[in-house]
Amino acid sequence: IPIGTENVDVERVSIYNASVLATNPLYGVRLRNTTGKSLLQGPLTVLEKGGYAGDAQIDNLPAGQERLLSYGVDLQMLVNSSKSSQTSAVMTAKIVKGLLYLDRKLVSSQEYLADNKSDKEKMLVVEHPLQEGWTLVDSPKPYETAGSMYRFKVSAPARKVTSLLVKEQSVQTQTMALLGTDITQLLVYSKSGEIPADVRAAVGKAAQLAGVVNDVERQLAQRARQIADIGVEQNRIRENMKTVGQTSQYYQRLLAKLNDQESSIEKLQHERDDLLMKRDSARKELEDYLRDLTVG
């Protein structure tokens, strides 16, 4: 297919596919069948100015349809696609029977920098991946959508760097059970300005009730450590008592210390039992609050 043939319309372009890790785009042609007949699939040779330009493979091309074909590497253009970013922001939230539903807006930005090192202006076609659930925002309109990609046309002047910025957004819903969620995370959500005031207040109360449970559990853990430490010390004292006479003063001091420790253990055990009751009561209050909580 000579470029400029009368049988077909041919436009020469450079093609950059963002899904392929490469810095050089490919030479390509946009070919439109104006013959009035179908062109069968098969190999295709591209000629330019009477000379060989490259080979391509073409599918069946019915009359009136177009195909974008690549046939070689364009070494006179470099495309840098390393600049990308993604942000996330909470848009709104609601609570349904103790479950917190957060709507998040994710914004993804991808910049393409095309450095045309040749002496001629070129037309660059950027093939950007099309992601399900994402929509274009604040971006140039693609001239077509083909399969799983957008195609953007960018005019690349000679000896200049041209920029194309593609921005997409996706709104996603995150669900979490307020019961069992880390209290620190709850406090963050309770102060988020994007969340409606009544939902923030409900999350704040849940965080407060969960904080009571956590505080009691910390006290329980402290009592358990104290009882365990005393138990270790008692074992050491009993071993020492085996090595001295029962009538010695040292034996009597060890016995007195052992008795004091037994009293300390009993006191700690009583405190532990009271804390267990307090924790169970605080848990029930939290569970009762969250069970049918619906806000927003």
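Looking at segment 88-129, which of the residues that are of a type in the set (Val, Ile, Thr) and open to solvent by 40 Å² or more (accessible area, probe 1.4 Å) is nearest to Ser163 (Cα to Cα)?
Thr92
Yes/no matrix, rows are residues, columns are (1) out of contact with any helix residue (DSSP H, G or I) (no Cβ under 6 Å at 6 or more places or on another chain); (2) closer than 26 Å to Gln222 by Cα; (3) open to solvent by 90 Å² or more (accessible area, probe 1.4 Å):
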residue: Gln246; (1), (2), (3): yes, no, yes
residue: Leu254; (1), (2), (3): no, yes, no
residue: Ser263; (1), (2), (3): yes, yes, no
residue: Glu266; (1), (2), (3): yes, yes, yes
residue: Leu275; (1), (2), (3): no, yes, no
residue: Lys278; (1), (2), (3): no, yes, yes
residue: Ser281; (1), (2), (3): yes, yes, no
residue: Asp292; (1), (2), (3): yes, no, yes
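Mind counting the residues in segment 40-82 that are of a type in the set (Lys, Arg) and either touching a His at 6+ places or on another chain (Cβ under 8 Å) or assigned to a loop (DSSP other than H, G, I, E, B) (or both)? Give the steps one after another, and end with the answer.
Our first condition is that a residue be of a type in the set (Lys, Arg); within segment 40-82, this holds for 49, 67.
Pick out the ones that are also either touching a His at 6+ places or on another chain (Cβ under 8 Å) or assigned to a loop (DSSP other than H, G, I, E, B) (or both) and you get 49.
The total comes to 1.
Based on what the data block shows, is Ser85 out of contact with any Gly (no Cβ under 9 Å at 6 or more places or on another chain), assigned to a strand (DSSP E or B), open to solvent by 20 Å² or more (accessible area, probe 1.4 Å) and under 23 Å from Gly28 (Cα atoms)?
When the stated conditions are applied, Ser85 does not pass them.
Please specify each residue of segment 44-55 satisfying the condition of being without any contact (Cβ under 8 Å) to a residue 24 or more places away in the chain and within 21 Å of Asn17 (Cβ to Cβ).
Residue satisfying the conditions is Asp55 alone.
Return yes when Glu271 is under 47 Å from the mean Cα position of the chain (by Cα), closer than 30 Å to Tyr101 by Cα and acidic (Asp, Glu) and no when it is not.
No, not satisfied.
Checking the structure you have, find out if any residue of segment 48-64 is under 25 Å from the mean Cα position of the chain (by Cα) and under 30 Å from Leu136 (Cβ atoms).
So far as segment 48-64 goes, no, none of its residues is under 25 Å from the mean Cα position of the chain (by Cα) and under 30 Å from Leu136 (Cβ atoms).
Could we say that Ser170 is in contact (Cβ under 8 Å) with a residue 40 or more places away in the chain, surrounded by 12 or more Cβ atoms within 10 Å (Cβ to Cβ) and out of contact with any Lys or Arg (no Cβ under 7 Å at 6 or more places or on another chain) here?
Answer is yes for this residue.
Is there a residue being modelled with pLDDT of 90 or more, buried (at least 17 other Cβ atoms within 10 Å of the Cβ) and among the aliphatic types (A, V, I, L, M) anywhere in segment 51-64?
No, every residue in segment 51-64 fails to be modelled with pLDDT of 90 or more, buried (at least 17 other Cβ atoms within 10 Å of the Cβ) and among the aliphatic types (A, V, I, L, M).
May I ask you to list the residues in segment 130-166 that are assigned to a strand (DSSP E or B), within 14 Å of Glu111 (Cβ to Cβ) and open to solvent by 30 Å² or more (accessible area, probe 1.4 Å)?
Matches in segment 130-166: Val161, Ser163, Leu165.
Which one of Leu106, Leu100, Leu75, Leu61 is in contact (Cβ under 8 Å) with a residue 40 or more places away in the chain, touching a Leu at 6+ places or on another chain (Cβ under 9 Å) and of a type outside the set (Lys, Arg)? Show your work before the answer.
On the way: Leu106 fails: touching a Leu at 6+ places or on another chain (Cβ under 9 Å); Leu75 fails: touching a Leu at 6+ places or on another chain (Cβ under 9 Å); Leu61 fails: in contact (Cβ under 8 Å) with a residue 40 or more places away in the chain.
Sole residue among the options that is in contact (Cβ under 8 Å) with a residue 40 or more places away in the chain, touching a Leu at 6+ places or on another chain (Cβ under 9 Å) and of a type outside the set (Lys, Arg): Leu100.
Mind counting the residues in segment 204-244 that are without any contact (Cβ under 8 Å) to a residue 40 or more places away in the chain and either of a type in the set (Gly, Ala, Ser) or open to solvent by less than 70 Å² (accessible area, probe 1.4 Å) (or both)?
Within segment 204-244, residues that are without any contact (Cβ under 8 Å) to a residue 40 or more places away in the chain and either of a type in the set (Gly, Ala, Ser) or open to solvent by less than 70 Å² (accessible area, probe 1.4 Å) (or both) number 15.
Given the condition touching a Phe, Trp or Tyr at 6+ places or on another chain (Cβ under 7 Å), open to solvent by 40 Å² or more (accessible area, probe 1.4 Å) and in a loop (DSSP other than H, G, I, E, B), answer yes or no: does some residue in segment 191-201 qualify?
No, the conditions are met nowhere in segment 191-201.
Can you spot a residue in segment 227-245 that is within 44 Å of the chain's Cα centre (by Cα), assigned to a helix (DSSP H, G or I), at pLDDT 95 or above and closer than 30 Å to Val188 by Cβ?
No.
Looking for something under 30 Å from Ala18 (Cβ atoms) and either surrounded by fewer than 19 Cβ atoms within 10 Å (Cβ to Cβ) or free of Cβ contacts under 8 Å to residues at least 60 places away in the same chain (or both) - is there at least one such residue anywhere in segment 173-181?
To start, the set of residues in segment 173-181 that are under 30 Å from Ala18 (Cβ atoms) comprises 173-174.
Now drop any that are not either surrounded by fewer than 19 Cβ atoms within 10 Å (Cβ to Cβ) or free of Cβ contacts under 8 Å to residues at least 60 places away in the same chain (or both), which leaves 173-174.
Checked against the condition, which is being under 30 Å from Ala18 (Cβ atoms) and either surrounded by fewer than 19 Cβ atoms within 10 Å (Cβ to Cβ) or free of Cβ contacts under 8 Å to residues at least 60 places away in the same chain (or both), segment 173-181 yields at least one hit.
The values are calculated or read from the model by the stated rules, or taken from the named source; none is laboratory data. Everything quoted here is computed from the prediction, not taken from an experiment. As a convention, Cβ positions derive from the backbone with ideal geometry for all residues, glycine included, and neighbour counts pool all protein chains shown. These area figures cover heavy atoms from the full protein model, side chains too; ligands, DNA and RNA do not enter into them. Shrake-Rupley method; radii C 1.70, N 1.55, O 1.52, S 1.80 Å.
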